Number of protein chains: 2
Amino acid sequence: MSTQDSLKKVYENLEKLKVYSHAANIVSYDRQTTCPQEGMGEQGAVLALLSNEAFKLSKDEEFIKACEDIYDHREELDEFDQVLARIEHRDRLATKNITPEKEHEFSMVFNRAYDTWLKAREASDFSQFAPSLEAVVKTVKEQVSLREPDPDCKTEYKCDYDHMLDDYEDGMTTAILDETFEKCKDRIVPLLKKVQASKKQIRTDFMNIPVKDYQQEELGWYLLDVMGFDKNRGNMGTSEHPFTHGIALNDTRVTTHYYPNAFASSMYSVIHEGGHALFEQNQPKENFEHFITTGKTLGQHESVSRFYENRIGRSRGFLNLVYPKLKEVFPEVMGDVTTEQLYEAMNIVNADFIRTEADELTYTLHIIIRYEIERALVEGSAKVVDVPALWQEKYEKYLGITPPTDRLGVLQDMHWTFGLGYFPTYALGNMYNAMYYNRLAQDMDIEKTVESGGLLKLRDWMTENVFKKADRLCPTDWIRDITGREFTPDDFLTYLEEKYGELYQL
Amino acid sequence: MSTQDSLKKVYENLEKLKVYSHAANIVSYDRQTTCPQEGMGEQGAVLALLSNEAFKLSKDEEFIKACEDIYDHREELDEFDQVLARIEHRDRLATKNITPEKEHEFSMVFNRAYDTWLKAREASDFSQFAPSLEAVVKTVKEQVSLREPDPDCKTEYKCDYDHMLDDYEDGMTTAILDETFEKCKDRIVPLLKKVQASKKQIRTDFMNIPVKDYQQEELGWYLLDVMGFDKNRGNMGTSEHPFTHGIALNDTRVTTHYYPNAFASSMYSVIHEGGHALFEQNQPKENFEHFITTGKTLGQHESVSRFYENRIGRSRGFLNLVYPKLKEVFPEVMGDVTTEQLYEAMNIVNADFIRTEADELTYTLHIIIRYEIERALVEGSAKVVDVPALWQEKYEKYLGITPPTDRLGVLQDMHWTFGLGYFPTYALGNMYNAMYYNRLAQDMDIEKTVESGGLLKLRDWMTENVFKKADRLCPTDWIRDITGREFTPDDFLTYLEEKYGELYQL
């Protein structure tokens, strides 16, 4: 078979896989937005069927042979297909040594961990979850030991945790993270202490005035529209937890959740998810044609959603822009609130227990705590039994607060039920976007552009500079490509110091 | 293979088919409610894949052999599996003589007919659609000629149209319909003329006051709740045209459409679709276990939706019940409207051109016109070229009005793009429910039960008497089973005469 014939075979199989995954995407979207409570069980069988068919296709022998063939002759392929050949080869290496029995064993561990986590959280009792966390750590280490080395990989793995990170943030290492997070602690912890000591009064009385879902929905559509979301190629729904789903090239769904007494929650969910959606909607069409749409890391995706949520959405320029609409949609909330009061309330700092509700300043600290504990578990320098004490100690040290219960502390996140190495990606997003924000500032006056409603210009800049190569470059290469500089948290930290220094009159 | 082994094989295949059809149901629901405009194309490929896989399963040779085996030994099966054996056997007979090439040829004719109908309706020009209608009539006759006779079938087919009817309303014949529709004309046409000559004034000024979607949605959920819709096993959405989708045993979806200036439109859509939904939600579980959920005819289904929409939903008892809620949800509409004014407005008679907007009195006449024209085309006593003139003539004669354009006349419905024999089922529904309404009246004071909010009692009666055997009996047997009487339109006609005689003081 010629390389072109092999490529054709690969394409045919990926096309079928794409349709199965498209079907599964719709069912899974339906599940989270529309499916009634008691319909869930039967719907599970649908997802199982679709994923089983997709699994069979991905294990098709001829397909695997064709993948190996295009990888071996990748120099004959065009630029995009070379990327595809590497992606497929890498996927193959990652699963090569894992038998179906092992695979089954692993998922049993994770499923059980999820179940015990749910119960332990309900009971607010870490000891119920401890044996499962032990098993997860052991399993993830076993997964690392089974990985087939990738000769093309440039990453220098120095420890097991480096491999774990790699699954979520291609090319990121503990060497980079350790340095990054030390810098963060050095600059954020003292800044937070100053903020906490500040006498600055911020008005918040209007933040919890009840509003109706339809008012929030009207605001949501307005925000998506302002950002440049293409509603002919996407839609907005509601779900328990907001998410974005890139269902297909021309079908990107965002969801939000309306809390009657917290209009800002849905407002910023929509802006955050809207950022993810712009990333999905404005990918190069060539990526779809060559089946290379899954290269974006979690950190890259979060960088865009948080760029819109925090850097743009909580800026004075943006809040001035949306102020009249807020007054129109929520007259009962906005009353005599000024634009400056709105800006201050949307940027208030409040060290608290729950990561997902954290403000922009404290968020990174929540992540660092999880990172440090994960690393210690993997290295063996901490035991599972010590985790709650470590958690308390670090919250006290970095944020100045002590979670009163396991539910508000160590049991709040589900991530440790399926792996380790995920959390750092959340923090990296802020650092990536701080770097490209500064690059963007060389091309336009961002605040002025936003305040005058020029967000389409912003979207187009992001498309050309940030979105275009995200699927083809690993994050460190990608951020160098955008900014011409090496990855650093400095831009982010300087931004925090300037912003909160001014806001809290430090 | 023993009969039990064959049954097992049949079940296994039907279980897989069920999951594929469940997946397709979700995608198709998504398509009509949520999928963005430009996502439709790619989503089409998903539906094509799912239906192709289902088609392959239904053509599986071992499955077909097993179906034949359980049919041949059906006396060894329990009551439910005997029904299953007959259904599968009948499906097989219906498609036995149709080669894939023929099948393709047929669908090409129907697809083209749909395309030309869209264009002809846009141009309001029947002559553009005429060649397609000619082709559809020819094709449907060919389909009839290819049908393999079913030795078990009790229906006496006297003409091609009897076979066409049978596809939509199992066991219904022209002999029954001719007699039925003659009676209808004899009694409805003079009644309508009297109504039209009546001096009765009905207040309608409040019917077109603008309201918001969220107000209509609130009313919709209230109505579903009152009717006994189980929202843990179903949901309500919006779509261009309202519909009900029985997605799975525990997942029934209804949709509606909100028009800002016509609150009654969505109100009665919800009640109508809610009726369909109660039928789906309250099927015997055994039917699902034995895969016999598709036996309900269109007429049976419409009988239930129209029972709720017209017999219950437009009754004084029901309107008195919902009156306080209407005042609460639509204060701007209801102002000083009395319960009697509400009743009169919801039952106003207005002979007009469009079938889907017709009132309860004129609706049957719209159907009769289509039936008479269809029959004439199949028999050859009318030519396609004569259809517009026939249409005009009959509207003038039965309703006293003359459609000014083809779009408001002969081109309004899409049904003739895929077959003939469908329309009568719409009229039969009203006649079935009039018969079981009278049976129900022997067991309870319906108006009083409804007015006091006792619709759950109604639902339970319907479940036990109307829903239970609908999948297992053909409509004429089913209505005899419920009422102890032979099918007749008399109950319906007497109801119309009494109701409109009183309302219009005739």
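The values are calculated or read from the model by the stated rules, or taken from the named source; none is laboratory data. These numbers come from a predicted model, not from an experiment. Using ideal geometry, Cβ is built from the backbone for each residue, glycine included, and neighbour counts are taken over all protein chains shown. Just so you know, the surface numbers come from the protein's heavy atoms only, side chains and all, with ligands and any DNA or RNA stripped out. Shrake-Rupley method; radii C 1.70, N 1.55, O 1.52, S 1.80 Å.
Some observations on this one:
- Carbon/sulfur fraction of accessible area - the protein assembly as shown, other protein chains in place, 1.4 Å, %: 50
- Among the GluC sites (Glu not before Pro) within segment A:452-506, those in coil by DSSP and having at most 12 neighbouring Cβ atoms inside 10 Å are A:486.
- Leading residue at positive end of dipole, segment B:1-104 (Cβ point charges), from B:39, B:26, B:2: B:39
- Phi to ³J(HN,Hα) by Karplus 6.51 cos²θ - 1.76 cosθ + 1.60 over segment A:321-336, Hz, x for Gly, Pro: 4, 8, 3, x, 5, 4, 5, 5, 7, 10, x, 5, 8, 7, x, 9
- For residue B:111, label point 7 Å along C-beta direction: distances to other copies, nm: 4.2
- Cα extents of segment B:183-317 along the three principal axes, largest first (Å): 57, 43, 28
- A Förster distance of 60 Å, applied to the separation of the beta-carbon atoms of residue A:154 and residue A:201, puts the FRET efficiency at 0.70.
- Here the calculated FRET efficiency for residue A:477 and residue A:76, from their Cβ-Cβ distance with R0 = 22 Å, stands at 0.40, rounded to the nearest 0.05.
- Accessible surface, chain A, averaged per residue in Å² (probe 1.4 Å): 43
- Interface A:B - total buried accessible surface [probe 1.4 Å, Å², rounded to 100]: 2700
- Remark: the Cα gyration tensor places segment A:292-401 in the oblate category, a/c being 1.5 or greater and a/b not exceeding b/c.
- Set of lysines near residue B:193 by C-alpha distance (under 28 Å), chain-local residues within fewer than 8 positions excluded: B:183, B:185, B:394, B:397, B:499
- Here each label is just a point 7 Å from Cα along the line to Cβ, and for residue B:356 and residue B:289 those points are 4.0 nm apart.
- Share of Cα-Cα pairs in segment A:46-181 lying beyond 26 Å, as whole percent: 43
- Cα-derived Rg over Rh, computed across chain B with Rh taken as Kirkwood radius: 0.95
- Once you divide the Cα radius of gyration of segment A:216-279 by 2.2 N^0.38 Å, the number left is 1.00.
- Scalar couplings 3J(HN,Hα) for segment A:425-432, obtained by applying the Karplus form with A = 6.51, B = -1.76, C = 1.60 to θ = phi - 60°, are 4, 4, 6, 4, x, 4, 6, 4 Hz; x denotes Gly and Pro.
- Binned Cα-Cα distances of segment B:346-499, short to long, each 10 Å bin given as a whole percent: 9, 32, 31, 20, 8, 0
- For segment A:204-343, the relative contact order comes to 26 percent (Cα pairs under 8 Å, sequence separation of at least 6).
- Cα extents of the protein assembly as shown along the three principal axes, largest first (Å): 93, 72, 55
- Between residue A:60 and residue A:327, the modelled labels are 6.1 nm apart [label points 7 Å from Cα along Cα→Cβ].
- A straight line joining the Cα centroids of segment A:257-310 and segment A:59-122 runs 25 Å.
- Reciprocal mean inverse distance between Cα atoms of segment B:361-436 - Kirkwood radius, Å: 13.2
- Chain B: antiparallel DSSP beta bridges as a percent of all, rounded to 5: 45
- Table column - 3J(HN,Hα) (Hz), segment A:233-243, Karplus curve with 6.51, -1.76, 1.60, x for Gly and Pro: 10, x, 8, 10, x, 10, 7, 4, 10, x, 7
- Under the criterion of Cα pairs below 8 Å and six or more residues apart, the relative contact order for segment B:351-477 equals 23 percent.
- Simple Cβ-charge dipole of segment B:348-413, Lys/Arg +1 and Asp/Glu -1, about Cα centre, in debye nearest 20: 140
- If R0 is 56 Å, the Cβ-Cβ spacing of residue B:490 and residue B:232 corresponds to a FRET efficiency of close to 0.85.
- Taking the label point 7 Å along Cα→Cβ, residue A:341 and its counterparts in the other copies are spaced 4.3 nm apart, in ascending order.
- Between copies, the label points at residue B:94 (set 7 angstrom from Cα along Cα-to-Cβ) are spaced 4.6 nm, reported in nanometres from shortest to longest.
- Taken along the Cα-to-beta-carbon direction at a fixed 7 Å, the label points for residue B:114 and residue B:414 span 0.6 nm.
- Here's the list of lysines a cross-link from residue A:96 could span, going by alpha-carbon distance under 25 Å and ignoring same-chain residues fewer than 8 apart: A:8, A:9, A:16, A:18, A:56, A:59, A:65, A:138, A:141, A:154, A:158, A:296.
- Listed by chain and number, the lysines placed with their C-alpha closer than 26 angstrom to that of residue A:212 are A:231, A:325, A:327, B:212, B:231, B:325, B:327; residues fewer than eight positions away on the same chain are left out.
- Relative contact order (%) - criterion: Cα under 8 Å, at least six apart; region: chain B: 19
- Mean residue ellipticity (222 nm) of the protein assembly as shown, computed from DSSP H runs ≥ 4 via -39,500 (n - 2.57), nearest 500: -20000 deg cm²/dmol
- Heavy atoms of residue B:40 accessible to a 1.4 Å probe, total area in Å² rounded to 10: 60
- Near the amide H of residue A:235, within less than 5 Å, lie the amide hydrogens of A:252, A:253, A:254, all on another chain or at least 5 residues away, with H placed in the peptide plane.
- The per residue volume of the convex hull around the alpha-carbon atoms of segment A:102-208 is 205 Å³.
- Looking down the axis that turns chain A into chain B, the chain A residue with its beta carbon nearest that axis, and the gap rounded to whole angstrom, comes out as A:214, 2.
- Computed over segment A:22-107, Kirkwood Rh from alpha-carbon pairs, angstrom: 15.5
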